[in-house]
Amino acid sequence: MHIVVCMKQVPDSAQIRVHPVTNTIMRQGVPTIINPYDLFALEEALRLRDRLGGEVTVLTMGPPMAEESLRKALTFGADRAVLLTDRFFAGSDTLATSFALAAALAKIGQEFGVPPIVFTGKQTIDGDTAQVGPGIAKRLGLNQLTYVAKIADLDPTAGTITVERRAEGGVQVLSTRLPVLVTMLEGVNEIRRGSLDDAYRAARATIVKWTAADAGITDLGKCGLRGSPTIVKKVFAPQARAEKVRQVPTADVSTEALAASVMAEIFKCQPALEGELMRFSAGP
Amino acid sequence: MTDAPKPAPAGRAGTKRELPEHFKAYKHVWVVVECEHGVVHPVALELLGEGRKLADKRGVELAGVVLCGDDLTAALVAAACFEHGADLVYTVTDPVLAHYRNEPYTRAMTDLVNTHKPEILLLGATNLGRDLAGSVATTLLTGLTADCTELAIDDEGSLAATRPTFGGSLLCTIMTLNYRPQMATVRPRVLAMPARQIGRWGRVVVHPLNLAEDDIITKVLRFVADRESDKAQLAYADIVVAGGLGLRSAENFQLVRALAEVLGGDYGGSRPLVQKGWISADRQIGQTGKTIRPKLYIAAGISGAIQHRVGVEGADTIVAINTDPNAQIFDFAHLGVVADAIELLPALTEAFRAHLSVNRLAG
Ligand SMILES: Cc1cc2nc3c(=O)[nH]c(=O)nc-3n(C[C@H](O)[C@H](O)[C@H](O)COP(=O)(O)OP(=O)(O)OC[C@H]3O[C@@H](n4cnc5c(N)ncnc54)[C@H](O)[C@@H]3O)c2cc1C
Ligand SMILES: Cc1cc2nc3c(=O)[nH]c(=O)nc-3n(C[C@H](O)[C@H](O)[C@H](O)COP(=O)(O)OP(=O)(O)OC[C@H]3O[C@@H](n4cnc5c(N)ncnc54)[C@H](O)[C@@H]3O)c2cc1C
């Protein structure tokens, strides 16, 4: 079975700093990583392959340097990597991104076999919209399974899949027909270390690189900034709070006395709270 | 390339062209009212409150959209919509909509939009809302702004949707100028709950679905509700006590639970605690966890990173306990206590317990 995992390269946001005067992102020297949520999708795909046989292809749309993330995915054990890269994709919003990725997925189907399962992560850590997965599903007519916690059953011959999906207030057990798009929930597995063999292979592997034209895209008006209905109007810093914190004095007091004054201060901030608590502790 | 917020582009997409002719008929503000299992998700009412303001500013009507499995639920949910500001409610009632599934819900929504043409379409950024919004926007080929924290109408009458970026260190305002409807999602608890206006009423417009169960490929085999005791009610709790890495161990984290229990509140923590397995993922507070809006928030041993801050700023009173007087959390806490939380928490729990029981006896 051929499985494709969509992965985005993102800046390691823990290390992003905003310039205090100009409010611009200081990207210089900020390392990039595979979107952490996508590793759960990758691991799930690798497990299915190990169990059922077949291949895992990883797909990224991004600048040429995104090759680095793809190579990393190969070290985890992916069999093939495709980088969709073209200046026409610059400035894509989620609608334009799903257009480009859907085109690349169709091309992957032609070249390397149609995948019954396409995986994405739950969301990214930079754009953080969770919109690209549903976008791809809609464009390719794949049955959409989001927030999947577990693939309970998969029968490639019968073309059926059963999953546990995280819903509001509970878990939905859904069954549907292949082909599907699965967005994988976080924390449901742990990415493997990858073998030494995979590391060697990854270092030597050729990454498949496609431009928009290579992916069969003819309508460039649907790509990048031009194909994006959303427009970023302005970027600005949140307003700092004017009011300063009130520090409860802690010098030379016992812990018990401090606790008493913290409680008193809390009731001072929230005069109604004391009565409400009293009612709560008195029970109904 | 794709990971940067697009710089305010000069010309081209950035400037407002005349809205294409076929979009000019698009009017009114809609809110999708999530009501799985017959329960209205509070985020829908919060959105109606905000939608009311947008509709008034535009001089148009506010509609709730109710998709559900039976007429009784539809009627009850419609009543709730009117009491929270809707002028009218579109209902699509069909047994195939009893449980949420992408396919029939997307079909119902796109059908409604194409028939009645709203200019603004708002959804909650819940698992249901995000699943549905992405499909609907792609089907309609329009813009969708995720996880907004502020919605406004600009001088030209378009929706200006503001959302945090880069973990909350910056905000960006995103617009969909040349396509309709303008779509946005908002997380639960980001907007205030509007006051209920008892007896307020409006029109109901019934829309057919024309979809048979046999036409729908995906089946819901089961729904396993979360156990009541495990359910984190964090987002809607009035009092939340949370701990961070400063507590140093899972055992010490129990001190947080003890205080929460005495206060009748819920408990949560910073992201590293989820990664360490001290708490479950649904108890994470912050940008990639829950947004909370309690009356009282007590944070013990939490440094106050921006990703944590954006999830708690809506709290009325923030109390921070931290050994480091320079911790970032003191930049946005109302009440600060520079102290060892491992010592102070049990004393605080005891102080509240004693105070409440003494007063109960006295009262
Ligand atoms: C701060 C910020 C805010 C933004 N806000 C919006 C907005 O509100 N609306 C909007 O339409 N666009 C928005 N964008 C643009 C959006 O981030 C890009 O379109 C981006 O290419 C994909 O969206 P995402 O990062 O939200 O991905 P998500 O939809 O969160 O990603 C879900 C999954 O899709 C896959 N995926 C996503 N991108 C790629 C890729 N390039 N290659 C391969 N797989 C991928 C991954 O598996 C990922 O886990 C924003 C961008 C930024 C930086
Ligand atoms: C993409 C992304 C998303 C994220 N999303 C979230 C999110 O949703 N929520 C979230 O919380 N974080 C999130 N984070 C992580 C965030 O950046 C911080 O790393 C995290 O919040 C820090 O957790 P902490 O405050 O518990 O730990 P630390 O930063 O290590 O702080 C511990 C604090 O405890 C204090 N302390 C130590 N001992 C004691 C003691 N005995 N008594 C009292 N105080 C003590 C220390 O002074 C310190 O301030 C995210 C990060 C990234 C990159």
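With the crude spin-label approximation of a point 7 Å out along Cα→Cβ, what separation in nm comes out for A:Val114 versus B:Arg222?
Distance between the two pseudo-spin positions: 3.3 nm.
On a 0 to 90° scale, report how tilted helix A:67-76 is relative to the longest principal axis of chain A, with both axes built from alpha carbons and the result rounded to the nearest 10.
Taking the Cα atoms of chain A, the angle to A:67-76 is about 90 degrees.
Tell me the Kirkwood hydrodynamic radius of chain B in angstroms, computed as one over the mean inverse distance between distinct C-alpha pairs.
On the way: mean 1/r = 0.0447 Å⁻¹.
That comes to 22.4 Å for chain B.
If I take R0 = 41 Å and measure r between the Cβ atoms of B:Ser249 and A:Ala237 in this structure, what FRET efficiency does the formula 1/(1 + (r/R0)^6) give, to the nearest 0.05? Spell out each step's value before the answer.
Working: r = 37 Å, r/R0 = 0.90.
Computed FRET efficiency for B:Ser249 and A:Ala237 comes out at 0.65.
Note the angle between two axes, namely the Cα long axis of helix B:102-116 and the longest principal axis of the Cα atoms of chain B, as a number of degrees from 0 to 90, rounded to the nearest 10.
50
Treat each spin label as a single point 7 Å out from the Cα along the C-beta direction, and report the A:Asp197 to B:Glu150 distance in nm.
5.7
Provide the per residue accessible area, probe 1.4 Å, for region B:213-290, rounded to a whole number of square angstrom.
Details: 3830 Å² over 78 residues.
Normalised by residue count, the accessible surface of region B:213-290 is 49 Å².
Tally Lys and Arg at +1 and Asp and Glu at -1 over the other residues with C-beta under 9 Å from the C-beta of A:Tyr147: what net charge comes out? Display every interim value, and only then the final one.
Numbers: positive: A:Lys122, A:Arg165, A:Arg166, B:Arg130; negative: B:Asp131.
In short, +3.
Treating cross-link reach as a plain straight distance, find the aspartates and glutamates whose alpha-carbon is under 15 Å from the alpha-carbon of B:Lys117, omitting any fewer than eight places away in the same chain.
Output for B:Lys117: B:Glu21, B:Glu61.
May I ask you to list the lysines whose Cα is less than 19 Å away from that of A:Lys8, ignoring any residue fewer than eight positions away on the same chain?
A:Lys72, A:Lys107, A:Lys122, A:Lys209, B:Lys6
Say each of A:Thr206 and B:Ala212 gets a label point 7 Å from the Cα, pointing the same way as Cα to Cβ; how far apart are those two points in nm?
Modelled inter-label distance: 5.2 nm.
Restricting to DSSP H runs of at least four residues, report the calculated mean residue ellipticity at 222 nm for the protein assembly as shown, -39500 (n - 2.57) per run over all residues, nearest 500 deg cm²/dmol.
Details: 15 runs with 196 residues, N = 647.
Roughly -9500 deg cm²/dmol at 222 nm, from the helical runs in the protein assembly as shown.
Taking the Cα atoms only, what angle lies between the long axis of helix A:255-269 and the longest principal axis of chain A, rounded to 10 degrees?
The helix A:255-269 is inclined about 80 degrees to chain A.
With a/c under 1.5 counting as rounded, go ahead and sort chain A into rounded, prolate or oblate using the C-alpha gyration tensor (a ≥ b ≥ c being the square roots of the eigenvalues; past the cut-off, prolate if a/b is larger than b/c, else oblate). Kindly include the intermediate steps, with their values, before the conclusion.
Numbers: a/c = 2.18, a/b = 1.68, b/c = 1.30.
Verdict is prolate for chain A.
Between B:Gln233 and B:Ala79, what length comes free when the chain is fully extended (0.36 nm per residue of separation minus the Cα-Cα distance, one decimal in nm)? Before the final figure, lay out each step's value.
On the way: separation 154, 0.36 × 154 = 55.44 nm, distance 2.49 nm.
Between B:Gln233 and B:Ala79, full extension yields an extra 53.0 nm.
With a/c under 1.5 counting as rounded, go ahead and sort region B:275-342 into rounded, prolate or oblate using the C-alpha gyration tensor (a ≥ b ≥ c being the square roots of the eigenvalues; past the cut-off, prolate if a/b is larger than b/c, else oblate).
Oblate shape, in that a/c is at least 1.5 and b/c is the bigger or equal ratio.
So, in Å, what gap is there between the alpha-carbon centers of region A:199-266 and region A:135-170?
Taking the Cα centre of each part, region A:199-266 and region A:135-170 sit 28 Å apart.
Once you sort the root eigenvalues of the Cα gyration tensor of region A:238-284 as a ≥ b ≥ c, which label holds: rounded (a/c under 1.5), prolate (a/b larger than b/c) or oblate (the other case)? Don't skip to the end; give the middle numbers.
Working: a/c = 3.60, a/b = 1.24, b/c = 2.90.
Oblate shape, in that a/c is at least 1.5 and b/c is the bigger or equal ratio.
For A:Lys244, list the aspartates and glutamates whose Cα falls under 20 Å from its own Cα; do not include residues on the same chain fewer than 8 positions away.
Of all the aspartates and glutamates, those that pass the test against A:Lys244 - Cα under 20 Å, at least 8 places apart if same chain - are A:Glu265, B:Glu313, B:Asp316, B:Asp324, B:Asp331.
The values are calculated or read from the model by the stated rules, or taken from the named source; none is laboratory data. Because the structure is a prediction, the values reported are computed rather than measured. Cβ: placed from backbone, ideal geometry, glycine included. Neighbour counts: every protein chain shown. For accessibility, only protein heavy atoms count, side chains too; no ligands or nucleic acids. Shrake-Rupley method; radii C 1.70, N 1.55, O 1.52, S 1.80 Å.
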